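Shown next, in structure tokens, is the structure this report addresses.
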Amino acid sequence: MVVCTILAIFSFFSSAMAANKERTFLMVKPDGVQRGLVGKIIKRFENKGFKLVAMKFTWPSEELLKQHYKDLEGRPFFPGLVKYMSSGPVVPMVWEGLNVVKTGRFMLGETNPKDSNPGTLRGDYCVQVGRNIIHGSDSVDSANKEIDLWFKKDELISWQPATSAWIYED
Ligand code: IDP
Ligand code: MG
């Protein structure tokens with residue numbers, strides 16, 4: 001009985017801790033970089049309380065982008081999307097935190113900026129779907145695939161923010 005209780009408490013805390021460690025893949029697109037929005041975008045996620053795990057500044061190849069957007073291969077806008085995304089440097093990032101995938105998508109806004117609420121990144125900073133400044137994973141599964149595609153394991157930094165205890169109960 002005592003053992004069961006201890007195990008239940010342990011599993012409760014370890015699953016709560018695992019939930020806090022959910023990760024998403026975000027990327028400032030070439031228009032976001034060209035328009036000098038990198039700092040503002042990063043600040044939103046820092047302000048929220050999410051933790052930066054990895055980040056780089058890179059000019060991606062068409063090959064990498066075709067892989068990244070493989071699900072959209074058959075869409076009419078696909079060639080234009082690859083051209084846009086490979087037109088300049090981008091800032092791929094990994095962010096961690098409780099519900100970061102879903103909350104990250106809320107913070108981005110809708111795919112088309114015209115449907116995005118003010119207060120969201122796409123609602124505040126852009127007007128057209130083909131220039132929507134930032135990418136964010138749409139599920140934990142895609143986040144894991146995208147993180148693997150853009151980052152090597154040793155580029156994901158393990159660290160403890162000094163603020164953690166003031167952002168999470170456990
Ligand atoms: P998401 O970025 O909100 O997840 P997706 O449907 O996955 O949206 O589309 C990926 C990207 O493709 C969009 O962010 C946008 O840059 C581009 N895109 C989507 N739909 C259109 C379109 O109708 N015209 C041009 N570009 C589009
Ligand atoms: Mg998408």
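Any read-out appearing in this document is the output of simple, stated calculations on the displayed coordinates, not a laboratory observation. This structure is a prediction, so every number in the text was calculated from the model and none was measured. Neighbour counts are summed over all protein chains in view; Cβ atoms, including those assigned to glycine, are modelled from backbone coordinates with ideal geometry.
Numbers at a glance
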item: The chain: DSSP helices with Cα axial extent of at least 20 Å and average Kyte-Doolittle hydropathy no lower than 0.5; result: 2-20
item: For the chain, size of Cβ-based charge dipole, Lys and Arg +1, Asp and Glu -1, in debye; result: 460 debye
item: Given charges at beta-carbon only (K, R positive; D, E negative), |dipole| of region 107-168 in Debye; result: 140 debye
item: Separation between Cα centres of region 94-114 and region 116-156, rounded to whole Å; result: 7 Å
item: Asn99 long-range amide H proximity, modeled H, under 5 Å; result: Glu22
item: Prolate/oblate/rounded label for region 38-170 (Cα gyration tensor, a/c 1.5); result: oblate
item: DSSP beta bridge pairing in the chain, given as percent antiparallel to the nearest 5; result: 95 percent
item: Loop-resident sites, region 27-80, for chymotrypsin sites (Phe, Trp or Tyr not before Pro), counting at most 12 other Cβ within 10 Å (DSSP); result: Phe57, Phe77
item: The chain, helix-only ellipticity at 222 nm - DSSP H runs n ≥ 4, -39,500 (n - 2.57), divided by all residues, nearest 500; result: -13000 deg cm²/dmol
